[in-house]
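J.: My structure is below; once you've seen it, I'll send some questions.
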Amino acid sequence: MAEENFRSGFSFKAVLVLFGIIILALAAHGFLWVGSSPDVQFKPAMPSIGKRTPVTIEVAEPRRGLTHVKVDLVQGTKMVTVADKNYPASSQFAF
């Protein structure tokens with residue numbers, strides 16, 4: 001009888017602990033997951049880019065959203081920041 005109580009009590013507690021660990025791991029994964037790379041589309045108005053060539057850049061990340069976008073133009077050792085914009089973080093829970 002003592003052996004039966006020990007076996008059933010131990011397995012129930014072990015299952016509860018294991019279930020709790022799995023739930024915590026899934027919650028941490030959901031909150032800490034960075035997500036996929038954003039989709040970036042670069043559309044110059046002409047085939048080559050000069051000082052006055054208009055360029056349209058579209059950046060999107062449909063699943064988690066964007067919080068910061070920075071656009072730098074680099075040529076050789078020169079780098080110029082064209083745009084630097086912050087967006088409010090989206091909610092973790094969508095209802």
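The values are calculated or read from the model by the stated rules, or taken from the named source; none is laboratory data. Here the structure is a predicted model, which means the values were calculated and not measured. Please note: Cβ atoms are built from the backbone with ideal geometry, for glycine as well, and neighbour counts cover all protein chains shown.
J.: For the structure I just gave you, tell me whether residue 92 is loosely packed, with under 10 Cβ neighbours inside 10 Å and at pLDDT 85 or above.
T.: Spelling it out, it is not the case that residue 92 is loosely packed, with under 10 Cβ neighbours inside 10 Å and at pLDDT 85 or above.
J.: Would you tally the residues in region 38-94 being in contact (Cβ under 8 Å) with a residue 12 or more places away in the chain and at positive phi?
T.: Final tally of qualifying residues: 1.
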